[in-house]
Structures are given as structure tokens and as C-alpha cells.
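Trainee: Here you go, one structure.
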Amino acid sequence: MSVFTRSQADREALLLPELVDLTAHHRANSEGYERILSSLGIAPNADFATIADLPWLPVRMFKTHDLKSVPDSEVFKTLTSSGTTGAGASRIYLDKEAAGAQTKQLGATLQEVLGGERLPMLMVDTIGIIKNRRSFSARGAGVLGMANFGRKHTYVLDENDRPDVEAVKKFLAEYGGKPFLIFGFTFMVWQYLYEVARDNGLDLSNGILIHSGGWKKLIDRAVDNTEFRRRFKEDTGLTRIHNYYGMIEQIGTVFLEGPSGNSLYCPDFADVVIRDPETWEEQPVGKPGVIEVVSTLPRSYPGHVLLTEDLGVYNGIDDGDWPGKHFSVLGRLPKAEARGCSDTFSGAAA
């Protein structure tokens, strides 16, 4: 069952009541969230006519506040961003139900491009990244989360973070004749898979690449998304390439690049709002603004409507590979602006 089916009008009609209920659920169950909304003057019975009218939290609130909508005794898993503890790391609390739901919906989203069966998997990372379960970094969590969708895992890097060309060749000899999954963070995929495949004449034409992470390091090498796709196609035969955008603060929800590239799409249980950074009104197609991500998944913590610190732009609505809004991420907000977005809230939430 595809999760890329809803037109924007259907999405608005179906998700809005769910999101209004979620907002009420979090107000009733999270004291911190209720305090924030009350101090912003949002009445408990407030009316929200559209998804864009719903109150948002700046994503960095999860770095400075403990926000959860389940009792401590029901917390099944606590995720932290950026692999650090204490200040500067988001803390996301999942109960058993939420942990199950996020895994299930991530699976449903990726199934759109991977099909129904678990494929042999090339991990563009080192096995060392997942060995220390106690101090999981966001990168380690990403690798482990994706590992569930493959089998016969082969790591592209050895224990010393050097490309293991023989291991990749062996994997391709055994599994390269049929569809196989490749996962990694964008910069590492370029540096350790593309360059190694090009230099060794490796055929990746049956691969399906899922990758994520910023383009900053690649832009320094004059490689953008279009160039990334072009070079992989020309030099390795790899054409099925899907970037995705997601964050630990909305775990289980990923915005997936469509087959023709250069646009990210919302699964049926999620949406995106691009806001003008000065007026906070929703931007029209083609005009950049701050990305707000919306998802019905977060029930155990109030992360259903989040203002990110990223800039993005709508590329179109209901006119792309899949229905709904499709958009691009343009980069991070300048630090001062990102702080400004959340300063509005710091007094409210104190």
C-alpha cells in the first residue's frame, strides 16, 4: 500500500482533524507544552482552519526543554540528537506504541522505492558506528534504523574508516545482478562509494540508493544534487537515487525524493509548510522560507508541528511524481535567524 497517494486538498481535509486532536492530546498530557501554548495566548478550544494555522514549536525547544506526553514509567526509549548528552542535544521520548509506529511508517515510506522484500544491503559506513550502543550518535541511529530494511549487510569502510574495495567487489559479485539497497550519508556516499566505484569500474546499475545529510561539504566540491545524480548514472550506472529529509525530533517521518529527482515529497501522514521568516505567513510556490514539518506520528511527545532551522522552497503542488506539495531544502538558516525563531518562545516556555 503506497503512502504517497493524497492530493493536497485530501491531505488537508484528512490530516487537519487528526492534528487538532493531537494538539489537544499534547496539551492535556504535557505540562510544558500546555504552558507554552497558554503563554502564546492560544486558547484550549482555539479553532484551526488549516494545517498552516496550527501552533508550531521551534525544533530547538527539544534541546532546552523536557517535553513528553507520556508518564515517565511508560518511556520505552529516549533518543538524543547529535550523540551528545546534556545541553545541546534534543531528547525525544517514545513509549512502546510510538516506537512501533515510527518503525512501521518509516518502512511503509521506504517500501515505495524498495518494494516489499528486504534486499541485500551495502552500508556506506563502518560497522564501528553501531558497535557502541550506549553513546549512539544521530549517524549511528540512522545507520541502525536503515539496517532493518536490508539483509546480508556489507560495510563499505573497514574499522579504520578506509574503503574496503575487496568487500564491495565481493558483495557486487554475489548480489549485484539483482536489485540491492545502498544506504549512507550524502557526503560519505560521494567520497567513499562514488569515487571508489568510478576508480574501480564497479557496476552499481541494480542498486537503489537511499541517502541523507547536508550538501554543504559537497557544494565545496561543486557537486549539487543534479550533478550527484548525473555522475552516478554516467560513471556507475546507478539511476535509482532517493535523497530524504528527516530529523530525530520527528522520528519515523521522512520526506522522500521522487524518482525524477530534485523534489522531496510528503508521505500521506505528513505535510510541510514553508513560512516567510518575517511575517510567518505561508510562502507561495517558488519563494524560499523556513521549513515547518508536520506529522501525525508524534503522540508520546509534542513534536507533531515543528519549525526547523532549514530554508526550503515549494517546487509545486500536485504536479510532480507523487501528489501533494513537493519541495527542496536550500540549506540551514543563518545562526542568528535560527535563534531569533526560537527566542520568541524562550520567555513563554521558561
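Trainee: Obtain the nm distance between the two label points defined at N315 and D276 by a simple spin-label model: each point lies 7 Å from its Cα along the Cα-to-C-beta direction.
Mentor: So the two model labels end up 2.5 nm from each other.
Trainee: Between the helical axis of 225-236 and the dominant principal axis of the chain, each derived from Cα atoms, what acute angle in degrees is found, rounded to the nearest 10?
Mentor: 20 degrees
Trainee: Moving on. List, largest first, the extents of the alpha carbons of the stretch 104-244 along their principal axes, each in whole Å.
Mentor: 38, 32, 29
Trainee: Could you give the spread of the C-alpha atoms of the chain along their three principal axes, from largest to smallest, in whole angstroms?
Mentor: The principal-axis extents, from largest down, are 62, 44, 40 Å.
Trainee: A follow-up question, please. State, as an integer percentage, the relative contact order of the stretch 104-244 based on alpha-carbon contacts under 8 Å between residues 6 or more apart.
Mentor: Relative contact order, the stretch 104-244: 23 percent.
Trainee: Another question about this same structure. Over the chain, average the accessible area per residue using a 1.4 Å probe and give it in Å², no decimals.
Mentor: 45 Å²
Trainee: Enumerate the amide H contacts of I208 below 5 Å, restricted to partners 5 or more residues apart or on another chain; note that Pro and chain-start residues carry no placed amide H.
Mentor: F180, L181, I182
Trainee: Quick one: what are the phi-derived ³J(HN,Hα) couplings along the stretch 4-15, Karplus 6.51/-1.76/1.60 with θ = phi - 60°, whole Hz, x for glycine and proline?
Mentor: My calculation for the stretch 4-15 gives 10, 10, 8, 5, 5, 5, 5, 4, 4, 5, 7, 7 Hz in order.
Trainee: Would you please give the FRET efficiency between D47 and Q111, computed as 1/(1 + (r/R0)^6) with r the Cβ-Cβ distance and R0 = 35 Å, to the nearest 0.05?
Mentor: About 0.45, to the nearest 0.05.
Trainee: Could you list the chymotrypsin sites (Phe, Trp or Tyr not before Pro) in the stretch 1-62 that lie in coil according to DSSP, counting only those with at most 10 other Cβ atoms within 10 Å of their Cβ?
Mentor: Answer by residue number: there is no such site.
Trainee: Here is a further query. Only Lys, Arg, Asp and Glu count, each charged at its Cβ (+1, +1, -1, -1), so figure out the dipole size of the chain about its Cα centre, rounded to 20 debye.
Mentor: For the chain, the charge dipole is close to 1100 debye.
Trainee: Is it possible to state the helix-based mean residue ellipticity at 222 nm for the chain, with each DSSP H run of 4+ residues giving -39500 (n - 2.57), the sum divided by total residues, to the nearest 500 deg cm²/dmol? What is it?
Mentor: -9500 deg cm²/dmol
Trainee: For helix 165-175, report the angle its Cα long axis makes with the longest principal axis of the Cα atoms of the chain; keep it between 0 and 90° and round to the nearest 10°.
Mentor: Once rounded, one gets 90 degrees.
Trainee: How large is the accessible surface of H65 in square angstrom, using a 1.4 angstrom probe and rounding to the nearest 10?
Mentor: 40 Å²
Trainee: What whole number of Å gives the distance from the Cα centroid of the stretch 225-244 to the Cα centroid of the stretch 161-202?
Mentor: What the calculation gives is 13 Å, centre to centre.
Trainee: On a 0 to 90° scale, report how tilted helix 335-349 is relative to the longest principal axis of the chain, with both axes built from alpha carbons and the result rounded to the nearest 10.
Mentor: 40 degrees
Trainee: How big is the antiparallel share of DSSP beta bridges in the chain, given as a percent to the nearest 5?
Mentor: The antiparallel fraction comes to roughly 60 percent.
Trainee: Given Cα pairs under 8 Å that are at least 6 residues apart, what percent is the relative contact order of the chain?
Mentor: Normalised by residue count, the contact order of the chain is 20 percent.
Trainee: Relative to the present Cα-Cα distance, how much length would full extension add between E159 and K104 at 0.36 nm per residue of separation?
Mentor: Value of the extension gain: 16.7 nm.
The values are calculated or read from the model by the stated rules, or taken from the named source; none is laboratory data. Model, not experiment: these values are computed from the prediction. All Cβ positions, glycine included, derive from the backbone under ideal geometry; neighbour counts span all protein chains shown. Heavy atoms of the whole protein, side chains included, go into the accessibility calculation; ligands, DNA and RNA do not. Shrake-Rupley method; radii C 1.70, N 1.55, O 1.52, S 1.80 Å.
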